[in-house]
Amino acid sequence: MISKWTLTAQSTFVRRKNINTNPDYQRPAVWTKAQKQLLIDSMLREYDIPKMYMHRTGKDTYDVIDGQQRLRTIWEFFSGAFSLAKDADPVDGIEIAGKKYDDLDMLLLDKLNSYNLDFVILNDVSDDEISEMFLRLQNGTTLKAQEKRNAYPGNMRNFIKDLATHPFFVNVVNFQNSRFSHEHVAAQLTLLTMNGDICDIKDRNLNAMYKDNQDFDVNGDVAKKIKRVLNYLLLMFPEKTPELKRYNVVSIYALVKDLLENYAIKGRESELAKWFIDFETMRTIEAEKPEDQQDARLAIYQSKTKDSTDAMDSLRYRHEFLKENLLSTIIDLEPKDTKRNFDEAQRQVIYRRDKGVCQQCGIKCEWNAWQADHIIPWNRGGKTIVSNGQVLCPVCNAAKSDNVL
Ligand SMILES: [Zn+2]
């Protein structure tokens, strides 16, 4: 399964098209120019470079598990992409300061080309085993929290990676996906949804979620609910929305999730979006007033948007503030009937009244083969009362559900 391999710097450069330095569990390149210069400088002085890890993915193709920046730096230098530091000391009495690859003395060039790089090659291992190894190799280094989580094997990681490609993240929100920030927020939304209520969404909570849910059902109820909320948000905000900052997205998500669960908001998308934009505008103007003229509760809200935005009390305060503001602005949102289904007695009355006939297509239904349908859909605020119920045959009922969902 594991083999060792030594290649000269020159031969890695020749093979570079076969060596993938950016497989999906890898961290993005973050080395500064000074770090790059230091690596080449070290090689010219024949210092040791730690061994690198690659996964053999084909006859002569590899994914780099650990060593991405080092390899890329070497190749960039060989391609003439940067020069050595202007204050670099001579090597063996030969001047190197400010020089690019092509300017180097022939003796040093030979030394650099033939510098031996040690590799550990993994053959026939699963993606999960590689992720696991990557996590161990990187543990305790400078990987940021979300990058570390991306190295956890399992369904939760895959689900959140996929969630972060939802058009709401890609096209609408107003923060870049640098250092996996879309995935970080996607993970926070997932935790809020799994928990069912507002909770802490700090790094350690997210870590535990990744760890404890490696068998997460990517097609289960939680996954579906998250996508329903994101799809609704996309209807609210069909284009890039400058107000949707990182901390805001979590709040507006929690609000829409709450509303979808408890109010009939289908078809109200643009009203909700207008309310949100107006709220943000009001908030900005209010913040410019002298402190003693600001609304006290709004001032607290403002402060909660600034620190510990991932803490439960901050999230809860903002959630309740936003919800109250919304419900007092759009006053005719219909609460969903807490009773979702017609009970046995109501079903009997509806069946007798409609004489067992499907109110859509007119066929007669047997008592054990009909469905009690909400005339005004429950999702749109329709009540679970006899006058809002009707007989539908299973075929018509299924067709109707497809239309309203
Ligand atoms: Zn029918």
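Every number here is computed from the coordinates shown, using simple stated rules; none is lab data. Keep in mind that this is a model prediction, so the values were computed, not measured. Note that we place each Cβ from the backbone using ideal geometry, even for glycine, and neighbour counts take in every protein chain shown.
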What Kirkwood Rh does the chain have if only Cα atoms enter the pairwise 1/r average? Answer in Å.
26.1
Residues in region 254-286, backbone N under 16 Å from the label point at Leu327 (7 Å along the Cα-to-beta-carbon vector): list them, ranges by number please.
254-265
Spacing of the two label points (7 Å from each Cα toward its C-beta) at Lys364 and Ile94, in nm:
10.2
State the cysteines of the chain left without a partner when partners are defined as other cysteines whose beta carbon lies under 4.7 Å away.
Cys199, Cys361, Cys365, Cys396
Gain in span if fully extended, Lys86 to Asn171, counting 0.36 nm per residue against the direct Cα distance
26.3 nm
Just want the ordering: Met194, Met52, from fewest to most Cβ atoms lying within 10 Å of their own Cβ.
Met194, Met52
Over the chain, what is the relative contact order in whole percent, taking alpha-carbon pairs under 8 Å and six or more residues apart?
12
Ordering of 273-284, 60-71 by burial proxy (mean other Cβ atoms within 10 Å per residue, highest first):
60-71, 273-284
Virtual spin-label span in nm between Val14 and Met282, 7 Å along Cα→Cβ
7.1
Just list whichever of Lys225/Lys257; Lys266/Lys323; Lys4/Lys51; Lys202/Lys245; Lys4/Lys100; Lys224/Lys274 have alpha carbons separated by over 20 Å in the model shown.
Lys4/Lys100; Lys224/Lys274
Counting all Cα-Cα pairs in region 145-335, those more than 30 Å apart amount in percent to 18
Would you mind putting 288-295, 227-234 in packing order, based on average other-beta-carbon counts within 10 Å, highest first?
227-234, 288-295
